[in-house]
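Coordinate-derived values only; no laboratory data. These numbers were taken from a predicted model, which means no experiment stands behind them. For neighbour counting, all protein chains shown are included, and Cβ atoms are generated from backbone atoms with ideal geometry for every residue, glycine included.
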Amino acid sequence: MHNRSPRQLLTLTVAALAGGFALGTAAQTTDQPQGIYSADDILDAEVYLSENPDQEVGEVEDILFNEAMQVTALVIESGSVLGLGGREIIVEAGQFSLLTETQDDDDVEHRVMLDATAAELENYPVFSDAWWQQARLQARDAWEQTQEGAQSAWQQTQEGAERAWETTQENAQRAWEAARDTLSDGNN
């Protein structure tokens with residue numbers, strides 16, 4: 001077991017479950033997920049195409065998270081394989097899975113498998129300062145819209161509950177008055 005600081009453990013604690021790592025196993029592992037993953041273990045993990053699991057296409061250079069600390073993408077340093085010319089490419093969550101393998105000496109190795117062909121990989125966006133700025137703005141706007149939508153939904157729920165309570169009170173008052181009037185008419 002590695003000695004990790006709480007910060008290192010927090011880095012990917014929930015990301016694998018919430019953000020998009022699909023977990024697989026190999027060698028002496030069971031089909032059970034690890035439960036917690038360290039970014040340190042995922043960084044520099046070798047990356048392969050699912051269609052050709054024996055040819056390495058690069059390694060994980062960075063892990064990108066959103067405001068909710070969910071993995072949104074990986075930055076893959078492609079090296080010069082498959083004619084990619086050593087680019088850093090962006091692979092969004094849902095386009096990759098993580099295979100975890102326990103070796104005979106109990107070392108754990110991680111492999112990232114891309115759900116793409118070599119031709120599709122050539123068209124993935126390149127990680128650059130311009131891409132980063134645009135992605136940051138889009139993610140911030142999406143986060144703000146999500147917060148506004150949640151706030152609006154909460155307000156609508158509160159208003160609907162208040163209206164339902166008022167309607168219930170009014171209906172109860174009418175029922176009480178009708179019952180009282182019926183009893184009064186029966187006594188006269």
Which whole-Hz ³J(HN,Hα) couplings does segment 96-109 yield from phi under the Karplus relation 6.51 cos²θ - 1.76 cosθ + 1.60, θ = phi - 60°, glycine and proline marked x? 8, 9, 10, 9, 10, 10, 9, 7, 4, 8, 6, 5, 9, 10
Segment 155-171 - phi-based ³J(HN,Hα) in whole Hz, Karplus 6.51/-1.76/1.60, Gly and Pro as x: 4, 5, 5, 4, 5, x, 5, 5, 4, 5, 5, 5, 5, 4, 5, 4, 5
Debye, to nearest 20: dipole size of segment 128-188, +1 on Lys, Arg Cβ, -1 on Asp, Glu Cβ: 180 debye
Highest to lowest packing among 174-183, 48-57, scored as the average C-beta count within 10 Å: 48-57, 174-183
Using 0.36 nm per residue of separation minus the Cα-Cα distance, give me the extension gain between residue 56 and residue 176 in nm, one decimal. 35.5 nm
Quick check: pseudo-label points 7 Å beyond the Cα along Cα→Cβ at residue 101 and residue 132, how many nm apart are they? 3.2 nm
Considering the options 172, 137, 186, tell which one lies farthest towards the positive end of the dipole of segment 128-188, charges being +1 on Lys and Arg and -1 on Asp and Glu at the Cβ, about the Cα centre. 137
